[in-house]
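Colleague: Handing you this structure, nothing more for now.
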Amino acid sequence: MPTVDNPTEKTLAELGIRDREAVIEEFAKIRERFDFQIGLPADEIRKLMLQEAWLGSESEPATSLRNFWVGRKRGVLALINDNWLKPAQPVLKPVVGAELNRLKTYIETRLEKKRLSLVEDQEKKSSAKDRVDLSLPGVIRPVGTHHLIRQVFQEIEDIFVSIGFSVVEGPEIETPYYNFEALNIPEFHPVRDDMDTFYLELPKGAPTPLLLRTHTSPVQIRTMEKRQPPVRVIVPGKVYRRDNPDATHSFMFHQIEGLAVDADITFCDFTGTIDYFVKQFFGESVKTRFRPSYFPFTEPSVEFDVSCVFCGGSGTAKSGGTCGKCKGSGWIELFGAGMVDPAVYGFVNYDPKKVSGFAFGIGIDRLAMLKYGIDDIQAFFQNDVRFLRQFP
Ligand code: PHE
């Protein structure tokens, strides 16, 4: 309903209009009101129609404006007809009639113009939306790359595959048998303390405990169970230990296990293979050495060192002073390895009198850090693109 003090709700007599001039003036006011409304933007029109509590205010602004002015029953023109013209004094009727007709034509013409311009606007908008501008630059989506760890895996696999090794994989959830016992690590063996292990929570009565493998060595056993010698495999994968995270420790890291078993594999084959690999990976100029070490599943066991890749083995940093990476020794510890302990063959039904072999376990994260000069292992796992982008 139009507002309470809407003059068109009253008769001219009630409004105190008694002569021609006053009639013309009153029509002029109505026209001004119309001009004001039609000049408003669409959402202002909508607001106004709501304010006026106009019945058609929920529809299109242009439509409700039209209904508000020329609607048959309650439109302003209809009200003027009913309240001003019909009850007008005979002397005023001609001027009221003439003014009403003029107003009607005026309003109709302007409403039609407005409608046309709104339609045109709408068309312009939608055709701009549909138009395809072939000259615009395309959307460039960043192409992902392999993570540095994945790249180093690939590099190492390529080197070993080129000398006759094949790649096998094994489960990350293991039984204590494969992770420890079959590798000659009985329960209560002190080595188990070094490999603080994550055990899975299992329902009561589960047939065997399960753990997250602490090294890739269980795949040695799984492979030998399935294959007869000659065996030459490498095993890339994730391993888990209950280590507190710091610059060199992570509860999850990566290893590549290597295993070669055949008749007559000697210690020379072993060191030659490792030396070849290290030189391929770090460059011909590096030197290697090994030191006695201990693993329950290899005998003898060694720890392989490479001449420090940062100071060229001199122990002195480029800036003078002691090399911080090798602490002045000129050597960096690389990984553990050794000749397969004959006891292990017992677990896989190989005859230790007929076969011999070697095994090694390379920490990938450590190797990648050495080769690419990364000083915090956590950088691999934080997924910071500023880090990842440096290794496209
Ligand atoms: N599995 C050992 C470790 O994770 C590494 C190793 C593998 C040593 C094979 C010798 C032979 O520490």
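Colleague: Against the conditions (1) among the β-branched types (Val, Ile, Thr); (2) within 14 Å of the ligand (Cβ to nearest atom); (3) not in a helix (DSSP H, G or I), where does VAL139 fall short? Just the number, please.
Modeller: Result: VAL139 passes all but (2).
Colleague: Same structure again: Give me the residue from region 252-276 that is of a type in the set (Phe, Trp, Tyr) and surrounded by fewer than 22 Cβ atoms within 10 Å (Cβ to Cβ) and, out of that set, farthest from the ligand (Cβ to nearest atom).
Modeller: TYR276
Colleague: Report yes if some residue within region 162-175 is in contact (Cβ under 8 Å) with a residue 40 or more places away in the chain, in a loop (DSSP other than H, G, I, E, B) and of a type in the set (S, T, N, Q); otherwise report no.
Modeller: No, every residue in region 162-175 fails to be in contact (Cβ under 8 Å) with a residue 40 or more places away in the chain, in a loop (DSSP other than H, G, I, E, B) and of a type in the set (S, T, N, Q).
Colleague: So, one more: If only one of ALA343, ALA359, ALA368, ALA337 is away from the ligand (no atom under 16 Å from the Cβ), touching a residue at least 60 places away in the same chain (Cβ under 8 Å), of a type in the set (A, V, I, L, M) and closer than 30 Å to CYS268 by Cβ, which one is it?
Modeller: ALA368
Colleague: With the requirement that a residue be within 19 Å of HIS254 (Cα to Cα), of a type outside the set (Phe, Trp, Tyr) and in a loop (DSSP other than H, G, I, E, B), what does region 198-213 give you?
Modeller: Passing the criteria: only ARG213.
Colleague: Within region 36-52, track down each residue that is in a loop (DSSP other than H, G, I, E, B), at pLDDT 80 or above and either farther than 18 Å from LYS104 by Cα or of a type in the set (Lys, Arg) (or both).
Modeller: Within region 36-52, LEU40, PRO41 qualify.
Colleague: Can you give me the number of residues within region 289-312 that are in contact with a Lys or Arg (Cβ under 9 Å, 6 or more places away or on another chain), of a type in the set (Phe, Trp, Tyr) and within 13 Å of the ligand (Cβ to nearest atom)?
Modeller: Of the residues in region 289-312, 1 are in contact with a Lys or Arg (Cβ under 9 Å, 6 or more places away or on another chain), of a type in the set (Phe, Trp, Tyr) and within 13 Å of the ligand (Cβ to nearest atom).
Colleague: Within 16 Å of the ligand (Cβ to nearest atom), out of contact with any strand residue (DSSP E or B) (no Cβ under 8 Å at 6 or more places or on another chain) and over 29 Å from LEU388 (Cβ atoms): does that describe ILE185?
Modeller: yes
Colleague: Can you say whether ILE159 is of a type in the set (A, V, I, L, M, F, W, C), surrounded by 21 or more Cβ atoms within 10 Å (Cβ to Cβ) and at pLDDT 95 or above, as far as the supplied structure shows?
Modeller: Judged against the criteria, ILE159 is not a match.
Colleague: Then there is this: Within region 53-61, is there a residue that is among the aromatic types (Phe, Trp, Tyr) and assigned to a loop (DSSP other than H, G, I, E, B)?
Modeller: yes
Colleague: Just need a number here: residues in region 188-199 that are over 27 Å from PHE277 (Cβ atoms) and either modelled with pLDDT of 95 or more or within 16 Å of the ligand (Cβ to nearest atom) (or both).
Modeller: 7
Residue by residue, here is whether (1) more than 16 Å from the ligand (Cβ to nearest atom); (2) over 28 Å from LEU367 (Cβ atoms); (3) among the hydrophobic types (A, V, I, L, M, F, W, C) holds:
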| position | (1), (2), (3) |
| --- | --- |
| HIS147 | yes, no, no |
| ILE156 | no, no, yes |
| VAL161 | yes, no, yes |
| PHE165 | no, no, yes |
| GLU172 | no, no, no |
| LYS204 | yes, yes, no |
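Colleague: Condition first: within 11 Å of the ligand (Cβ to nearest atom) and among the small types (Gly, Ala, Ser). Can you find one or more residues in region 224-245 that meet it?
Modeller: no
Colleague: If you don't mind, there's one more thing I want to ask. So which residues in region 159-197 are closer than 18 Å to VAL219 by Cα and of a type in the set (A, V, I, L, M, F, W, C)?
Modeller: Answer for region 159-197, where residues must be closer than 18 Å to VAL219 by Cα and of a type in the set (A, V, I, L, M, F, W, C): PHE160, VAL161, PHE165, VAL167, VAL168, ILE173, PHE180, ALA182, LEU183, ILE185, MET195.
The values are calculated or read from the model by the stated rules, or taken from the named source; none is laboratory data. What you see is a predicted model, and the numbers here were worked out from it, not measured in a lab. For neighbour counting, all protein chains shown are included, and Cβ atoms are generated from backbone atoms with ideal geometry for every residue, glycine included.
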